[in-house]
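Chemist: Before I ask anything, here is the structure I am working with.
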Amino acid sequence: MVMNRLEDSPSAQSRIVIVGAGYAGYHCARHLERRLPREAAEVVIVSPADYMPYMSLLPQVGAGTVDPRHIAVSLSATLRRTRHLPGHAVDVDFANRSLTVAGPDGQRRELAWQRLVLTPGSVSRTLPLRGILEQAKGFNNIAEALYLRDHVLGQMELADASDDPAQRQARCTFVVAGAGTTGTEVAAQGHLFTRAALRRYPRIRPDELRWLLVDHAPAILPELDPRLAGSALRILRRRGLDVRLNTSIEEVTGSQVRLSDGTAVPTRTLVWAVGVTPGPLTQALGLDTIKGRIVVDEFLTVPGHPNVFAAGDAAAAPDLTRPGELTAMTAQHAQRQGKAAARNIAATFGHGTRKPYQHRDLGSVVDLGGWQAVANPLHVPVSGPLASLITRGYHLYALPANRLRVATDWLNDIIEHRQFVQLGLIPNQYSSLTAAEHTDIYYQTNGQPLDRQRQASTT
C-alpha cells in the first residue's frame, strides 16, 4: 500500500475538509463559500464522485424520464472556491488532525485539516436474510438506478424471446421491498415504465406484467398524513400494482422471493428499498454513535472534538422541535444541516455567530409518475395533478443546477416516446449492494473485516 502526504498549501493551517458530497456536504461547502472570505480558509471536499447526486429524482432516472446527467450537480461548476479531492475517506486521526483518503488510483493520502465536517451519507439498510446481498438490487445511487433500468429491460427482452410461460411470467414480475418514499416511487414509476415498454415487446401480454410492493408495515408512506398515504395506495392499486402490507421478505434466491404470508413469487428482480443506514465510515472512527449515527450537539459539533462537525444521515442530530428525538434521515434535514454546519464553522473563524440547528418539517412530496402525486406542502394535503405540479415545482426549486435540463426532460416525456435501450454501463458483477455502494472499501485497510480491526484495536 502506498501512503502519500499531500502537500500543504499556504492555507492548510485554516483548511476545512468536508467528507462526502451528498446533500449535507454539498450545501455545507456552498454556504461556506458564501459566508467566508476567500482568504479566511481553504475548503476541500472529499468524494469519489465529482458531483452531488440529487437523489430525490433517482426513481425518474430509473424510469427513463430524466437523464442521469441532469441530476448530477457538478462540483467544479457550482462550487467555484472549493477544491475537490477524489476518493473515499477511510480513516481520521483526530489527535493529529489528519484524514486518510483512498484514491481511485489505489494510493492512500494523508490530508491535514483544521476543521472537519463528516457528511459521508448513508447506504442501503440490509437485513440478515438469505440471498439479500447476492440477489437484491439496490436503489441508492445513480449507478444502481441505471443498472436497474437495464436489468428490467433485459428481463422483458428475455421474456419476449421465451416460449416458456413460467419463465415469461417470472421475468415479467418485479418485486419492490419497502413502501417508504423511495420504494413507492420506484414501484410507481417502474410500473408505468414497463407498461410503456410493452409496445416494444409485442409477445408480452399486459396481464403477464406484474409489480409487487411489499412492506411489513400496515400502510405505505408512513411519513405522510394517513389520508395522503391512503390516496397513494388507491392510485397504485387502481393501476394494477399488487401492494402487500403486513408482509415481509423471508428469503431470496435467483429464481424466487419467499414472503412471510407463505407466497413464493417467481421473479428475477427484487428491488431493495427498505431504508438507509449510516455508511461504514461512522463505525470506523471510534466516535460515540446512536444507531450508527455520530453523536452531535445542537450546534452539530461532535462532543469532545470542538473542531469536528457532522451532519446529514451520518449525524444523530437532536430534534429541538421534538425533545428527546433525533432528526429524521431525510434530504430536507441533510440540506439544512449542511447549511447550519457552514454557519457554525464560519462563526469559529469570526464570521457571524453560531446557532443551534432547528428546522420544522415543511411537508413531503411523492411523485407517483404520470400526472399523479401526493404532497402536503405546509401540511396541506393535496393529491392528483395539482400535487404533481407542486412536486415538480419543488424539485426544480431545490435542485441547485440543471433546472432547465430537467424541465426539458419532463416536456420531452410528454411529447415524445421515451427510449427503451440497454446502455450496459454497469457490469453485473458490480450490481450487488456491497459493490455498488462501496461498503467493502472500509474492510480493506489492513486486509481484515472492519469488526476485526475494531476488536484488535481494543484488546
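Chemist: Is there any pair linking a residue in the stretch 412-432 that is within 19 Å of A136 (Cα to Cα) and open to solvent by 100 Å² or more (accessible area, probe 1.4 Å) to one that is assigned to a helix (DSSP H, G or I) and small (G, A, S), with Cβ under 8 Å and at least six apart or on different chains, and which?
Modeler: Short answer, once both residue conditions are applied: L425/A143; Q429/A435; Y430/A143; Y430/A436.
Chemist: If you don't mind, another one. Could you please tell me which pairs satisfy a Cβ distance under 7 Å, a separation of 6+ or placement on different chains, a first residue in the stretch 128-156 that is over 21 Å from V276 (Cβ atoms), and a second residue that is open to solvent by less than 30 Å² (accessible area, probe 1.4 Å) and assigned to a helix (DSSP H, G or I)?
Modeler: The qualifying pairs are V152/G190; V152/T194; L153/A197; M156/T194; M156/A197.
Chemist: OK, next. Just a yes or no: is a residue in the stretch 160-169 open to solvent by less than 60 Å² (accessible area, probe 1.4 Å) and hydrophobic (A, V, I, L, M, F, W, C)?
Modeler: Within the stretch 160-169 (the criterion being open to solvent by less than 60 Å² (accessible area, probe 1.4 Å) and hydrophobic (A, V, I, L, M, F, W, C)), the answer is no, since none of the residues qualifies.
Chemist: Got at least one residue in the stretch 218-228 being out of contact with any Ser or Thr (no Cβ under 7 Å at 6 or more places or on another chain), over 20 Å from Q167 (Cα atoms), open to solvent by less than 40 Å² (accessible area, probe 1.4 Å) and outside any helix (DSSP H, G or I)?
Modeler: no
Chemist: Considering only the stretch 353-376, how many residues are β-branched (V, I, T) and more than 12 Å from T181 (Cβ to Cβ)?
Modeler: Total meeting the criteria: 1.
Chemist: I would also like to ask the following. Can you tell me which residue among L146, L127 is under 26 Å from I294 (Cβ atoms) and open to solvent by 10 Å² or more (accessible area, probe 1.4 Å)?
Modeler: Going through L146, L127 in turn, the sole match is L127.
Chemist: Out of everything in the stretch 367-411 that is hydrophobic (A, V, I, L, M, F, W, C) and under 30 Å from V296 (Cα atoms), what residue ends up being most open to solvent (accessible area, probe 1.4 Å)? Break it down stepwise before answering.
Modeler: Initially, the stretch 367-411 is screened for residues hydrophobic (A, V, I, L, M, F, W, C), giving 368, 371, 373-375, 378, 380, 382, 386-387, 389-390, 396, 398-399, 401, 404, 406-407, 410-411.
This time we only want the ones that are under 30 Å from V296 (Cα atoms), so: 378, 398-399.
Values: L378: 131, A398: 13, L399: 1 Å².
Among residues in the stretch 367-411 that are hydrophobic (A, V, I, L, M, F, W, C) and under 30 Å from V296 (Cα atoms), the one most open to solvent (accessible area, probe 1.4 Å) is L378.
Chemist: Which one of A196, A166, A159 is within 20 Å of A373 (Cα to Cα) and more than 19 Å from the chain's Cα centre (by Cα)? Let's see the steps before the verdict.
Modeler: Numbers: A166 fails: within 20 Å of A373 (Cα to Cα); A159 fails: within 20 Å of A373 (Cα to Cα).
Going through A196, A166, A159 in turn, just one is within 20 Å of A373 (Cα to Cα) and more than 19 Å from the chain's Cα centre (by Cα): A196.
Chemist: Could you check the stretch 61-80 and list, in sequence order, the residues that are open to solvent by 20 Å² or more (accessible area, probe 1.4 Å), at pLDDT 95 or above and either closer than 25 Å to G304 by Cβ or over 19 Å from the mean Cα position of the chain (by Cα) (or both)?
Modeler: Selection gives S76, A77, T78.
Chemist: Is there any pair with a first residue in the stretch 66-85 that is without any contact (Cβ under 8 Å) to a residue 40 or more places away in the chain and within 15 Å of H395 (Cβ to Cβ) and a second that is hydroxyl-bearing (S, T, Y) and open to solvent by less than 40 Å² (accessible area, probe 1.4 Å) whose Cβ atoms are under 6 Å apart and which are 6 or more apart or on different chains, and what are they?
Modeler: If the second residue must be hydroxyl-bearing (S, T, Y) and open to solvent by less than 40 Å² (accessible area, probe 1.4 Å), no pairs are left.
Chemist: Shifting gears a bit: Return the total of residues in the stretch 10-34 being surrounded by fewer than 18 Cβ atoms within 10 Å (Cβ to Cβ) and either in contact with a Lys or Arg (Cβ under 7 Å, 6 or more places away or on another chain) or on the phi > 0 side of the Ramachandran plot (or both).
Modeler: Count: 1.
Chemist: For the stretch 229-240, enumerate the residues that are over 24 Å from the mean Cα position of the chain (by Cα) and open to solvent by less than 40 Å² (accessible area, probe 1.4 Å).
Modeler: G230, S231, I235 - these are the residues of the stretch 229-240 that are over 24 Å from the mean Cα position of the chain (by Cα) and open to solvent by less than 40 Å² (accessible area, probe 1.4 Å).
Residue-wise test of (1) among the polar types (S, T, N, Q); (2) exposed (fewer than 15 other Cβ atoms within 10 Å of the Cβ).
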residue: V302; (1), (2): no, no
residue: G324; (1), (2): no, yes
residue: T327; (1), (2): yes, no
residue: F349; (1), (2): no, no
residue: K355; (1), (2): no, yes
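The values are calculated or read from the model by the stated rules, or taken from the named source; none is laboratory data. If you're wondering where the values come from, they're calculated on a predicted model, not measured in any experiment. Methodologically, a virtual Cβ is constructed for each residue, glycine included, from the backbone with ideal geometry; neighbour enumeration extends over all protein chains shown. Surface accessibility is based on the protein's heavy atoms, side chains included, excluding ligands, DNA and RNA. Shrake-Rupley method; radii C 1.70, N 1.55, O 1.52, S 1.80 Å.
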